[in-house]
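Each remark here refers to the structure printed beneath this line.
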Amino acid sequence: MFNDDGEPFGTQWQRLRKEKRLTQERLAELMRCDVGYISQIENGHRLPSKDFAERADTALDANGGLFAAWAVEGCPFPGLRPFSRRESRWFQGRAQAAEVLFGLIRSRAENGGGSVLLTGDSGAGKSSLLAAGLEPLLRKRSLIRGVRKGTPSVAFTPTSDPMAALQAARVATADIAGPVVWIIDQLEELFTATDDVRVHEEFLDEITRPTTRQGHPVVVVLGVRQDYYSRCMAHPDIRAAVTTGHLALGPMTADEVRHAIEQPAQDAGIVFETGLVDVLLNDLGLDLTRSTATYDPVRLPLLAHTLRQLWLRATDNLLTLTDYQELKGLAGSVATTAEGAWDRFTATEQAAAKPMLLALVHLEENADPARRSAPREQLLAATGDTEVGARLLDAFTDWQVRLLAATDDGITFSHEAVLREWPRLAGWITDDREDILTHRRLTTAAQQWHRDNKSVDALLSAGRTEEFQRWVEHSHHHTPIGAAEREFLDASVEYHAQLTQQERQRQEHLRIVAEKLASQHRRLKKLVVALTLVGVVLIAATLFALDAKRNEADQFRRSHAHEQATISYIVRSGEPEVGGLLAVQAFRANPDVQTRSALLNTQVDRFLGRIVASDLPLYGVAYSPDGTLIAASGYDQFVRLWDARDRRELAAWTTGTKGGSAVTFSRDSRRVANAHDGTLRIWSTTGTEPVVERHGLKSGMSNLAFSPDGTILAALAQHTKEGPTDVQFFDAVTLDRVPGPRGDIGAGATVVAFSEDTGMFAIAGKDSVQVWRTLDAEPITVDRPPAQHRPIALAMSRDGRILVVSDYSGWVTWFDLGDSGREVRSEKFSSAAWGLDLTPDGTVVAIGLDDHSVQLFDTAAATGPAIASLVGHTNSIHRLTFNTDGTTLLTASSDGTIGTWDTADLGSLHPAAPAAAFAYSRNGRTHAVAAADGSVHLWHSATGYRRQQLPGSPREPTGLAFAADDRFLVHGGADGLRVLDTATSAVLPLGTTAVDALAVSEDTNTVAVAWDTNVVELWDAREWRPLGVLPTADPDPLISLAFGGNTHLAAGSYTNSLTVWDLSGAKPERSDYIRTRSDVTAVAFSPDMRLLAYATAQGRINTHDISTRKPLGAEPDHELAVLHPDAVDQRTAGLRHFARSLTFSPDSQFLSAASDDGIIRLWQTRSDSASQPYAVLTAQGGATTAAVFELTGRHLISVDASGVVRRWNLAVDDAATKACTVAGISDPTRWLDRDTALLDKNSC
């Protein structure tokens, strides 16, 4: 498959902005747009116009790179290469073909699996149909009728190593429960990439075998070019498999082609000059006077390429006939583009281009030329000059040219059309056909030799070796052979020379043996002595091997531990309990920075354990109001009941048939209600049979809700399988029908909910939500945004204030019913939001998504990211629920398990997005965050959370600190300095000049302020009077400040300098100064005044030993090893991040650095200044603003740019204990049997 997934536009925009040290606000001023628009672009929620992207490329000095990234997402015409999955929104005209193909796949799945063949001429659009037409359908639909979830699929091409590609597909789908689809596109690559018939047969044998996997059907979709159809059908199993599963993709109709051109253009705001579309269709070969007219499919890629080239030339998104004529029409557009690139090459580059391009052509006897993939290294070698080759590849793969494209297997032509439509290349192919065929045979043989680890069995025969030698020596027209081919041919020549020499030696040996047999008995004694000497040598070698084995065992232990640590990060996204256990084992086997980091990072998961209910999907889960029981229902026809304290299963009630169902507890926790397949049942939690049941609802009920007083059970009923739903009310004891609420209850309703404390009732339909404050009152209507779809989940807070609704397209909206139903926020996710619930206080909403994750949001926040993301399932989250006090969340998933999650501290995670500064009180009871909107957020251990808006329009906070024994909170920013009285909430302004940085002394009585005027001023925090200005070496603008006790102050500047002042005397003096390699972004003194740490914008962090009393710069300071999570066992120079803050632990034994790459790095300090890496902690909310040690040094508090505050426990033993506890209650037999190569049963 083609790789066109470079750095996304929004991500590249953000990186370039940060490299230029521009804030979003400053860039918005330069671009003359709203800062929210910038934020949406960087978050990937909005794609700007073409003009805006071009202006941004100029503003950020991207030299076209940013605009190129935009073009990948903003151009609706992919050109010669096929549509990718990312471009499905632009793919039009093949809806009917996609539905037919999906129907064939579903039919195959329902009959136990098998193969489906998609054929068509080159250019018919097979690859586009598979990637942009079929795969989106599979993501939305199940192959099991009635199941509302997508179908897992994996797409690949055979590449030059088909069996490896197939094995990768097997691994990718190994753990999926349910049917899967393998999409093998460009099957012809099997024959063009290798000439080995054994490989062809083995691959075709294997792809026709996996009709089932673990009892689930596997459907293999094969996309192949029409001229290779007969080669596939020569295989008997393929021929039998596709007898009833074959779709021949023909040309589109004139209307379909017109729709494929005009609809994506309209969606992208593109306008065609009048008559241009008709000219395009006519040149394609369509007779517009006949509705059934068709065209030659090989011309369709020319249309796609022409449209893209017209778009590139367009002004104000207008595609013109003049540009079309300059491209020389449909027939000449490829040649125009190719020759345009060719003319920009030097003579040397043009000479090198020919062998490189011909290396990408596959030829067979009596067959049209075809493209092939080749590794980049092979192409560079073909040019004879790697620098020239690199320039050629860059030119041909340039986003405006796209004659070549990257694939999973290297580089290839974007389409076969290039081989036909570029006269220069077509002429080369004709002239050099015999040379190319000979070269291809040599290349194929060399590739097989390398795949076989250079086995002698794969070398050339003597005859073929001689044949290729003559070709290399005497042919003057072939392309130069590459290094790999030369090595292969030389190895073949040398091998046959050795065989000849060995045969001569063998004949000579036999002659000598025959002559000396007669005297053999005279040497018997010497033979015994020789054998004894050999034995002594072997014994010595064995002893040496045992010693080496000990070293090898140590190395294996370390390597195995690091492997476990690395895999733990990956496994945690689906099975946190396994990831945690891997981290425990890794650390206990080899305690170092890599394994310690893996273990400490497990606390981010919040995972408490798992209840394994079934191998089939779960659709409902409920916590009893008294918190003692858990109930779940699923596809396996059972409703199960567990003791919430010890996870012991108490009951498994059968519903009779398989299918989705809903489940809920009565308010007294004594009964469980279940709706399944048209029947409503109520069980006693201590019984085995239903207490009461009601039949007759044809298609069941989608969800249930008890009224707060426990007398009414509300359910949604669907009277016909495809018809609308309505709400029905039942007596909670007898299940007799009872009257519903007053007014129109909405026949289109899909979800219902009660407010547990107030008795308010709500139903949601496609267009609105209706809310009854009491059941005998008239409802009020809350309108849903018009772009949203049919709701699938509804939740209401206990006090009836917050109401949340979600739909299958991924929209989640919450409303404030206490403010006339005001819409607080609408958030669009990439997958359906099946589950919703609110914490008891209504401050946090949990959203269960089809992408296997749970997202937690602050319901008061109108913008900003999630405050936490929970990942621990391998399939969709269907339902979720908090327990009564909100400390635990349950999630029911299609993977057949219930996840339990720690949500006890959600109250301390309210985001203050975007967070810019952080402060921690000296008494350890309060921490505070300053947000960019001018608000200050405080958390107190006794009084809890509160938010305060500072007066005026505070912007761009640069510093925050507690002062005067924590009575005051000092806030500095772009608009000046303010002091907040934490007791009275009064605010004292101290200046309107911008503040670059601030710091507070150890006794909290002195505040240092770095003003934007390049002046450092000291203030008495008890009386808020200025104490004076510090002397500076030069007027350097400062970026960071830090006190050392009460007597020293250090400052880092934007102009590459570090200054230290001595404040111990009657008059402050500048005591030290040094020039650094780049901006000093953070500074910190250790509490024992032994070390001064400073970080630079290059990503380097150094420590200076103050105790030596040597001045800065007298000798090199110690540079710390700056580690990264993907290579935490290696020392790197940094350069990929810069530290926003540095902090020592209270005992001076540890140093932490919070960085803009979202990572917190910890070092263990040493008396000799040689601090060693201790751990790397990875946050989830983007750049880390600050990290501060608590008073005990056992915990670290961090805040990220999104405003989420996190408390890290640095005690490794605590992390290990928790991981072992979680693993012990999560049915360890599930993964111990499976992962014996990595896991040890006795690890805990």
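The values are calculated or read from the model by the stated rules, or taken from the named source; none is laboratory data. As the structure is a computational prediction, the values presented were derived from the model and not from experiment. Every residue, glycine among them, receives a Cβ derived from its backbone with ideal geometry; neighbour counts consider all protein chains shown.
Table for the structure above
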item: So THR1055, is it in contact with a strand residue (DSSP E or B) (Cβ under 6 Å, 6 or more places away or on another chain) and within 20 Å of LYS20 (Cα to Cα); result: no
item: Test: residue in region 1019-1034 that is assigned by TED's automatic domain parsing to the domain that holds TYR1073, part of a strand (DSSP E or B) and buried (at least 18 other Cβ atoms within 10 Å of the Cβ); result: yes
item: Region 241-261, subset assigned to a loop (DSSP other than H, G, I, E, B) and surrounded by 16 or more Cβ atoms within 10 Å (Cβ to Cβ), residue modelled with the lowest pLDDT; result: VAL242
item: Qualifying positions in region 637-676 - in a loop (DSSP other than H, G, I, E, B) and within 21 Å of PHE882 (Cα to Cα); result: ALA644, ARG645, ASP646, ARG647, ARG648, SER666, ARG667, ASP668, SER669, ARG670
item: Odd one out for PHE587, checked against (1) surrounded by fewer than 24 Cβ atoms within 10 Å (Cβ to Cβ); (2) over 26 Å from the mean Cα position of the chain (by Cα); result: (1)
item: The lone exception for ARG667 - which of (1) at pLDDT 90 or above; (2) within 11 Å of LEU735 (Cβ to Cβ); (3) buried (at least 18 other Cβ atoms within 10 Å of the Cβ) it fails; result: (2)
item: Those helices (runs of 4 or more DSSP H) lying entirely in region 1-107 with at least 1 residues under 26 Å from the mean Cα position of the chain (by Cα) and buried (at least 21 other Cβ atoms within 10 Å of the Cβ); result: 9-19, 35-42, 50-59, 65-74
item: Identity of the residue in region 814-828, part of a strand (DSSP E or B) and more than 15 Å from LEU849 (Cβ to Cβ), that ends up nearest to the chain's Cα centre (by Cα); result: SER826
item: Pick from region 1195-1244, criterion part of a loop (DSSP other than H, G, I, E, B) and at pLDDT 90 or above, ranking: farthest from the chain's Cα centre (by Cα); result: ALA1211
item: Selection within region 1137-1189 - at pLDDT below 90 and acidic (Asp, Glu); result: ASP1156, ASP1157, ASP1168
item: Long-range neighbours under 7 Å by Cβ, at least six apart or interchain, first residue closer than 14 Å to LEU980 by Cα within region 938-967, second modelled with pLDDT under 80 and of a type in the set (Lys, Arg); result: LEU938/ARG946
item: Qualifying residue in region 876-894 (condition: at positive phi, at pLDDT 90 or above and not assigned by TED's automatic domain parsing to the domain that holds ILE802); result: yes
item: Residues within region 825-839 that are surrounded by fewer than 19 Cβ atoms within 10 Å (Cβ to Cβ) and either closer than 24 Å to THR888 by Cβ or of a type in the set (A, V, I, L, M, F, W, C) (or both), tallied; result: 1
item: Strands (runs of 3 or more DSSP E) (entirely within region 747-800) containing at least 1 residues that are surrounded by fewer than 16 Cβ atoms within 10 Å (Cβ to Cβ) and touching a strand residue (DSSP E or B) at 6+ places or on another chain (Cβ under 9 Å); result: 780-783
item: So GLU54, is it in contact with a Phe, Trp or Tyr (Cβ under 9 Å, 6 or more places away or on another chain) and closer than 24 Å to THR397 by Cβ; result: yes
item: Hey, SER831 among the polar types (S, T, N, Q) and in a strand (DSSP E or B) or not; result: no
item: ILE877 vs. criteria within 23 Å of ARG1206 (Cα to Cα) and crowded, with 24+ Cβ neighbours inside 10 Å; result: no
item: Test: residue in region 648-656 that is touching a Phe, Trp or Tyr at 6+ places or on another chain (Cβ under 9 Å), under 23 Å from LEU836 (Cα atoms) and buried (at least 17 other Cβ atoms within 10 Å of the Cβ); result: no
item: Selection within region 695-711 - buried (at least 20 other Cβ atoms within 10 Å of the Cβ) and modelled with pLDDT of 65 or more; result: ASN703, LEU704, ALA705, PHE706
item: Test for ASP1012: is it modelled with pLDDT under 90, closer than 21 Å to LEU950 by Cα, in the same structural domain as LEU980 (by TED's automatic domain parsing) and charged (D, E, K, R); result: yes
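Yes/no per residue for (1) of a type outside the set (Ser, Thr, Tyr); (2) part of a loop (DSSP other than H, G, I, E, B); (3) out of contact with any strand residue (DSSP E or B) (no Cβ under 6 Å at 6 or more places or on another chain); (4) assigned by TED's automatic domain parsing to the domain that holds ARG299:
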site: LEU118; (1), (2), (3), (4): yes, no, no, no
site: SER122; (1), (2), (3), (4): no, yes, no, no
site: LEU129; (1), (2), (3), (4): yes, no, yes, no
site: GLY133; (1), (2), (3), (4): yes, no, yes, no
site: ARG139; (1), (2), (3), (4): yes, no, yes, no
site: SER142; (1), (2), (3), (4): no, yes, yes, no
site: ARG145; (1), (2), (3), (4): yes, yes, yes, no
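Each row is one residue, and each column tells you yes or no for (1) more than 35 Å from the chain's Cα centre (by Cα); (2) at pLDDT 90 or above.
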{"position": "VAL277", "(1), (2)": "yes, yes"}
{"position": "ASP296", "(1), (2)": "yes, no"}
{"position": "ARG299", "(1), (2)": "yes, no"}
{"position": "LEU302", "(1), (2)": "no, yes"}
